[in-house]
Structure formats: structure tokens, C-alpha cells
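Chemist: I have a structure here, written as C-alpha cells, and I will follow up with some questions on it.
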Amino acid sequence: MTLPNLQRTALQEAFAALRADLIHDDGPRISTMRNYRFAIVQYDPSDEFKLRAEVQRLSSDLVAHGWVVLSINLQRLLLDRVRAQGDDWLDRVAQMERRAAGVAPERGLAYLKSKVTPLIEGPDGIASDCARVISDHVARHPDQADRTLALIGRAGALYPFFRSSALLRHLDGRTHHVPVVLLYPGDRRGATGLSFMGLLDPDNDYRPRIYP
């Protein structure tokens, strides 16, 4: 049963608006730009499990309307990239991080960032993994491209190695016009500003629509 608007939380309002824009009679309307089908759902990091419940409801509803939902897990993609470096690399990095953290915690984190960030940043980093998931699906099911949604979640796993605003910039032009929604843990700052995890300085370089 649909809740009256006054009883909805901000997160529920965001997903209700997103659903309405996706299944619009004239096609997805998550962006005012025809060739830029990106949007962001901003949520408080403490609401991660509430978010997952809303994602499940939205996904089930879209599937019932003939859509395909691609769930892209950034945590899994990050771990895949780290594991691809091999056990020797992992052991060396872990040992050096412990030594550096033994001197000062911030030094340990700085060392870890220096090793992990280059693995995932830039157009050939984790953005390329997201693009590959979408491209592979479109290649296998070209008839479904107009009814496919890519939901990118678990962005908190990238903190503090990567700013998620860069992820969407590097995805632009690589999604075959499939609508892409980034689930963004952080704080809203003004009309277009977002603070990743509520801890980083606000990034105002966001072109996509931000829900709610």
C-alpha cells in the first residue's frame, strides 16, 4: 500500500519520485538532458539498510513493469581490483600499512590511499568496470537497452580512496544511454553540493539530478 506523502521519509520520497520518472509514459525522465541519463539518490550513511530495502522495492516494481535492473556493487568491484594484484602485493601492503600506522594512524591511512587510489581512479579505473557491466548486458540483450536501469551502490566502500563525483564523469558516454542511478551516502549541501559520507568537503560539480 502506498503511504500518504506526509507519512513518507525523505528516502521514501526520493524513491517514489525516481520510480515515477523512470516509468514515465514518454520514457525515463531522470535528467533534463536527452543524452545524459544520470541521477543520484542521496541518503544518510546511517540509513544504509533502509536504502537497501527501498532498492529492493524499486527493483521488484520495475521488473514487474518489464524492466531489467543491473545492480552494480562498488565494494565488490573494489575488492576484485585489489585481489587482482596478487597475494604478494596484498601481504606487502598490509605489512607496510601496519608499520606506518604504528608510527601514526594518519600515516598508515596515507600509505594505504597511495596504493589503492591508483587502482580505481581515472577513466580506466572502477568507472571502466561499471561501464563494462552495462556494455556487456547491452551487447547480450540489445532489445532490453531501453528498459534497463543500472543501480550503482555500496559507494561507501570507496571512501576515502575515491570521490564518487568522478565516477559519473568517467562513465559519461559509456553507458549506451542506459539510465544510471548512483546511490550516494553523504550530506546534501545547497542545491547541487554533496559531501561524500558527510566527511569530505562538498563537491558542487554535479550535473545529474539529485533525489530527493
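Chemist: What is the range 78-196 by shape, rounded, prolate or oblate, if you read a ≥ b ≥ c off the alpha carbon gyration tensor as root eigenvalues and call it rounded for a/c under 1.5, prolate for a/b larger than b/c, and oblate otherwise?
Modeler: Details: a/c = 3.31, a/b = 1.63, b/c = 2.03.
Since a/c reaches 1.5 but b/c is at least a/b, the shape of the range 78-196 is classed as oblate.
Chemist: For Cα extents along the principal axes in Å, the listed values are (1) 52, 33, 32; (2) 47, 45, 27; (3) 58, 42, 30; which was obtained by calculation from the structure presented?
Modeler: (3)
Chemist: Using a Förster radius of 30 Å, what is the FRET efficiency between Ala53 and Tyr159 based on their Cβ-Cβ separation? Nearest 0.05, please.
Modeler: 0.85
Chemist: Could you tell me how far the Cα centroid of the range 46-93 sits from the Cα centroid of the range 174-196, in Å?
Modeler: Answer, in whole Å: 16.
Chemist: Now a separate question. How far is helix 87-103 tilted off the main Cα axis of the chain, in degrees rounded to 10, range 0 to 90?
Modeler: Computed tilt is about 70 degrees.
Chemist: Under 10 Å from the Cβ of Pro185, count the other residues' Cβ atoms, weight Lys and Arg +1, Asp and Glu -1, and hand me the total. Working shown, then result.
Modeler: On the way: positive: Arg154; negative: Asp44, Asp47, Glu48, Asp187.
Residues close to Pro185 contribute a combined charge of -3.
Chemist: Relative to the first principal axis of the alpha-carbon coordinates of the chain, what is the inclination of helix 126-140, with its axis defined by its Cα atoms, in degrees from 0 to 90 and to the nearest 10?
Modeler: 40 degrees
Chemist: Once you order the gyration tensor axes a ≥ b ≥ c over the Cα atoms, which shape class does the range 1-81 get: rounded for a/c under 1.5, otherwise prolate or oblate by comparing a/b with b/c?
Modeler: Cα axes put the range 1-81 in the oblate bin.
Chemist: Select from Ala127, Gly27, Ala101 the residue farthest towards the positive end of the dipole of the chain; place +1 on Cβ of Lys and Arg, -1 on Cβ of Asp and Glu, and compute about the Cα centre.
Modeler: Checked the options; the winner is Ala101.
Readers should treat all values here as calculations from the given coordinates under stated rules, not as data from a laboratory. Keep in mind that what you see is a predicted model, and the values were worked out from it rather than measured. Cβ atoms come from the backbone with ideal geometry, glycine included; neighbour counts cover every protein chain shown.
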